Amino acid sequence: MRFTAASAFDHAMPERTAVLLVQLGTPDAPETAAVRRYLREFLSDPRVVEIPALVWKPILHGIILRTRPSKSAHKYASIWTPEGSPLMVNTARQATLLRGWLGKQGHEADVAFAMRYGNPSIPDVLRQLRERNPKRLLVLPLYPQYAGSTTATAVDAVNAELARWRNQPELRWVRDFHDDEGWLDALAGRIRDQWEKDGPPDKLVMSFHGVPKRTLLAGDPYHCECLASGRLLAQRLGLGASDWVVTFQSRFGRAEWLQPYTEPALRELGKAGVRRVDVVCPGFLSDCLETLEEIAIEGKQAFLESGGTDFRYIACLNDSPAFVDALGRLAVRHLSGWDTRRPDPEQAARRGDALARRRERALAAGAKA
C-alpha cells in the first residue's frame, strides 16, 4: 500500500483539532442517473445489506438498480429545494452553526461535514482537513441511536481512509446520544412549540427508521435505543402510555423488519377512530426524503384514507438554535482533555515563537520545510 500525506507540510504549522459531522447521504440531483449512483453505493455496503454478495449482487444490479432509481428520483424531486437536497442543506447549516457555537465558547476547531454515501464523501473531506494539519479528530455521526448500518459504517469509512495516511490524527468518535439530555430537551421543545399553536393530538407517533429484525437478534442495540429515546421523550412531554407509540418506517425487501411498521400503524389508527395524529421522527436530525416524502406525504395519505381527519408532521430539529446548542455541548464533552481553547494574545505569541523554533530545528536537522 502507498501511504498518502498532505500536499505540503511546514514544521511551523500549528496542530489543529477537527470535528467531522457524518450524515447518511443524498443523490447529487433528483434525477435517475444520480439516484442510481447513490443507491449503488448505499446498497453495496455489506453493513446495510447483510446478504452474501453472490446472492445480493445479481438482485441489486439486475433488478433494483434497473427499476428503483426512476421511482426514487420522482420522490426526491417532490421534496427538492432551490438550494438542493434538504438533507444536504440542513447538514451544511449544522456544520456552520456548530463551528460558530464552538468559537463563541472559546474553542478552536475545524468543523466539516461529509456524507457516508454520495458527496461530499468522507475521503474527500478528510483529505481537505488534512491540509490544515489536524492532530486530533472527533467524528460525530449524526445518528442519535447507534446501528451497525449507520454509525458503524460511518466509522468504518473514516478508518478506511485513515488507514492510508502516513501521519494519522488522534481519533475519537461519538457512538450514540439516544439519551442525551440536550438533544431530548431540544426535541421536546420542538414538539411543545407545535402544540402551543395547534394543541396536542389524540396520538403522538414516533417513527424511527427501520432495520431488519435479524440485526436485533444478532445483537444490534438500535431497537433498544429507539425505545429508550421514545420513552424519555414521552416523559418530558408528560404523556401517558396510551398517548404515544413508537413505530418503524422505510421497510425494504421481504424480510421481517422491526415492528410495528409506520404506515400500517397509521392506517390502523385511522380505522380505530383516532381523529388526529402528530408524527415526529426522533431518529432523524435533518428533514430528508424519509421524513418529507415518506411521512409528511405518504404517511398523511395513509392516515386520511383510513378514516383519520387531521395529520400533522412535526419537522426535524434541522438548524434550530436549541439543537445547535445541544450538538455543541455534546461535541465539547467528547473533546474534553484536548487542548481546544482559543489562546489569548500572549499565549498565541508564545505558541508562534515555539513553532518557529521547531521549524528552525527541523531545518537544521535536514527537513525541507
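Annotations for the structure displayed:
- Taking region 175-189 as the range and being outside any loop (DSSP other than H, G, I, E, B) and either open to solvent by 60 Å² or more (accessible area, probe 1.4 Å) or among the aliphatic types (A, V, I, L, M) (or both) as the test, the residues that pass are Glu181, Leu184, Asp185, Ala186, Leu187, Ala188.
- Helices (runs of 4 or more DSSP H) lying entirely in region 256-323 (those with 3 or more residues that are closer than 26 Å to Asp185 by Cα and under 22 Å from the mean Cα position of the chain (by Cα)): 289-292
- Hey, Arg251 in contact with a strand residue (DSSP E or B) (Cβ under 8 Å, 6 or more places away or on another chain), in a loop (DSSP other than H, G, I, E, B), open to solvent by 20 Å² or more (accessible area, probe 1.4 Å) and more than 23 Å from Leu317 (Cα to Cα) or not: yes
- Each residue in region 33-65 was checked for being over 19 Å from Ile122 (Cβ atoms), touching a helix residue (DSSP H, G or I) at 6+ places or on another chain (Cβ under 9 Å) and open to solvent by 50 Å² or more (accessible area, probe 1.4 Å), and 5 pass.
- The set of residues in region 37-62 being more than 19 Å from Gln23 (Cα to Cα) and either basic (Lys, Arg) or touching a strand residue (DSSP E or B) at 6+ places or on another chain (Cβ under 7 Å) (or both) consists of Lys57 alone.
- Single unsatisfied condition, Glu305 versus (1) modelled with pLDDT of 95 or more; (2) loosely packed, with under 13 Cβ neighbours inside 10 Å; (3) of a type in the set (D, E, K, R); (4) touching a strand residue (DSSP E or B) at 6+ places or on another chain (Cβ under 8 Å): (4)
- Here Asp198 meets the list (1) within 25 Å of Tyr146 (Cβ to Cβ); (2) at pLDDT below 95 almost entirely, failing just condition (1).
- Selection status of Ala354, in a loop (DSSP other than H, G, I, E, B) and open to solvent by 30 Å² or more (accessible area, probe 1.4 Å): no
- Screening the candidates Arg231, Arg329 for the property of being open to solvent by 50 Å² or more (accessible area, probe 1.4 Å), in contact (Cβ under 8 Å) with a residue 40 or more places away in the chain and either outside any loop (DSSP other than H, G, I, E, B) or within 19 Å of Lys213 (Cα to Cα) (or both) yields one hit, Arg329.
The values are calculated or read from the model by the stated rules, or taken from the named source; none is laboratory data. Predicted model only: the values in this text are computed from it and were never measured. Here Cβ is always computed from backbone atoms with ideal geometry, including for glycine, and neighbour counts include all displayed protein chains. When the accessible area is computed, the model is the full protein with side chains, heavy atoms only, and any ligands, DNA or RNA have been set aside. Shrake-Rupley method; radii C 1.70, N 1.55, O 1.52, S 1.80 Å.
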